[in-house]
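This report concerns only the one structure given below.
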Amino acid sequence: MGRNAMYEVDVAHNGESWELAQQMIIQALDQAIYGNFKGLKVIHGYGALTGVAVIAPRAISLMRHLAEQNDSRFAKDQKNPGASIIWLNKSRTIEQSEQKPYFSTETKKSPSLNWFDQALKKKR
């Protein structure tokens, strides 16, 4: 499987909270790396029925952060405005990913405890 396939996860259409969506994205990235997939596609939606998007902007910011940390490339899905992709670096081998997960949900802190707030401050 893997090599030519895209690992896909939907974090916006089953009533997920941001905390659950964040965990799902991190776990999916670990699975995509371990499974030697060419990338991770996250369906995060592009808004909400209430007009206030909670998951989409945070998911995009998290994905940019994870792509940067992982020597990968972030891109918006050109066919779906409610999805984004992390293109994985294929120089990594399965042996490296078996040593330890790149991002663990078992740590006390997320990749950066307040990374989303920091990103918002940079935009202002």
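So which residues in the range 52-78 are part of a loop (DSSP other than H, G, I, E, B) and either in contact with a strand residue (DSSP E or B) (Cβ under 9 Å, 6 or more places away or on another chain) or modelled with pLDDT of 90 or more (or both), if there are any at all? Walk me through how you get there before you give the answer.
Residues of the range 52-78 that are part of a loop (DSSP other than H, G, I, E, B), as a first pass: 52-54, 70-72, 77-78.
Matches in the range 52-78: ASN70, SER72, ASP77, GLN78.
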(request) Search the range 1-10 for residues being outside any helix (DSSP H, G or I) and either of a type outside the set (Asp, Glu) or within 19 Å of ASP71 (Cβ to Cβ) (or both), and hand back the single one that is most open to solvent (accessible area, probe 1.4 Å). (result) MET1
(message) Any residue that is open to solvent by 30 Å² or more (accessible area, probe 1.4 Å), assigned to a loop (DSSP other than H, G, I, E, B) and either closer than 17 Å to TYR7 by Cβ or touching a Leu at 6+ places or on another chain (Cβ under 6 Å) (or both) - is there at least one of those in the range 38-51?
(response) yes
(message) Of everything in the range 11-37, what is open to solvent by less than 80 Å² (accessible area, probe 1.4 Å), polar (S, T, N, Q) and under 15 Å from LEU66 (Cβ atoms)? Give them in sequence order.
(response) GLN22
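The values are calculated or read from the model by the stated rules, or taken from the named source; none is laboratory data. Keep in mind it's a predicted model, so treat the numbers as computed, not measured. Here the Cβ is made from the backbone with ideal geometry for all residues, glycine too, and neighbour counts use every protein chain on show. Ligands, DNA and RNA are stripped out before the accessible areas are found, and what is left, the full protein with its side chains, is counted by its heavy atoms. Shrake-Rupley method; radii C 1.70, N 1.55, O 1.52, S 1.80 Å.
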